[in-house]
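First the structure, in the form of structure tokens, and then the observations on it.
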Amino acid sequence: MEAWKKEQLTAAGVDVHGALERFMGNEALLERMLQRFTGDANYAQLLAAADKRDAEEALRAAHTLKGMTGNLSMTALCSLFTRQVELLRAGDPDGAYAMLPEITLAYERIVGAIGAIGR
């Protein structure tokens with residue numbers, strides 16, 4: 001993976017070194033998985049669930065995103081989803097939904113970086 005791509009991803013909150021360790025150094029596989037992340041529907045489902053105040057659906061989407069971001073070493077975003085899942089499980093959907101602006105900022109930063117390296 002070219003150095004500028006690693007810099008873009010790192011600046012957006014991806015632990016590229018950790019991700020490459022998880023992918024056994026396979027840079028092409030990591031790039032493919034990052035591209036798949038941008039096409040995943042769970043983030044849109046999380047937003048829709050929050051709009052409908054459907055805590056069960058929000059939990060499902062947030063939990064899935066927590067796992068995905070953890071596997072891709074998106075450390076800051078994974079931490080946000082981890083906190084959101086904890087709030088939803090604790091019966092505090094309003095607290096979980098209140099995290100969405102911060103989550104959206106981190107999510108859009110990463111998706112933007114992935115888009116930039118894919119061009």
Reduced to Cα centres, the span from segment 1-65 to segment 82-119 in Å works out to 10
For a quick check of your reading of the filter: which trypsin sites (Lys or Arg not before Pro) in segment 7-93 sit in a DSSP loop and have no more than 13 other Cβ atoms within 10 Å?
Arg53
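Which value, in Å to one decimal place, does the Kirkwood hydrodynamic radius take for segment 3-117 when every pair of different Cα atoms is included? List each step's numbers first, then the result.
Numbers: mean 1/r = 0.0702 Å⁻¹.
Taking the inverse mean of 1/r over all distinct Cα pairs, segment 3-117 comes out at 14.3 Å.
Taking R0 as 30 Å, what's the FRET efficiency between Ala3 and Asp40 from their Cβ-Cβ distance, rounded to 0.05? Before the final figure, lay out the partial values.
Values: r = 27 Å, r/R0 = 0.90.
It comes to 0.65.
Compute the FRET efficiency between Val111 and Lys52 as 1/(1 + (r/R0)^6), taking r as their Cβ-Cβ distance and R0 = 30 Å, and round to the nearest 0.05.
For Val111 and Lys52, the calculated efficiency is 0.85.
Taking the Cα centre of the chain as the origin, how large is its charge dipole in debye, to the nearest 20, when only Lys and Arg (+1) and Asp and Glu (-1) carry charge on their Cβ atoms? Don't jump to the answer; show the numbers that get you there.
Values: 13 positive and 16 negative charges, 42 e Å.
Value, rounded to 20: 200 debye.
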Between Met99 and Ser79, how many nm apart are label points set 7 Å from Cα along the C-beta direction?
1.2
How much mean residue ellipticity at 222 nm does the chain get from its helices, if each DSSP H run of length 4 or more adds -39500 (n - 2.57) and you divide by all residues, to the nearest 500 deg cm²/dmol?
-25500 deg cm²/dmol
Express the relative contact order of segment 3-117 as a whole percentage, based on alpha carbon pairs under 8 Å and six or more residues apart in sequence.
32
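If you average 1/r over all unlike Cα pairs in segment 52-119 and invert the result, what Kirkwood radius do you get in angstrom?
Working: mean 1/r = 0.0816 Å⁻¹.
By the Kirkwood definition, the hydrodynamic radius is 12.3 Å.
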What span do the alpha-carbon atoms of segment 1-69 cover on each of the three principal axes, reported in whole Å from largest to smallest?
42, 21, 17
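We did not get these values from a lab; they are worked out from the coordinates using the rules stated. Every value quoted in this text rests on a predicted model; they were computed, and no experiment measured them. With ideal geometry, Cβ positions are generated from the backbone for all residues, glycine too; neighbour counts draw on all protein chains shown.
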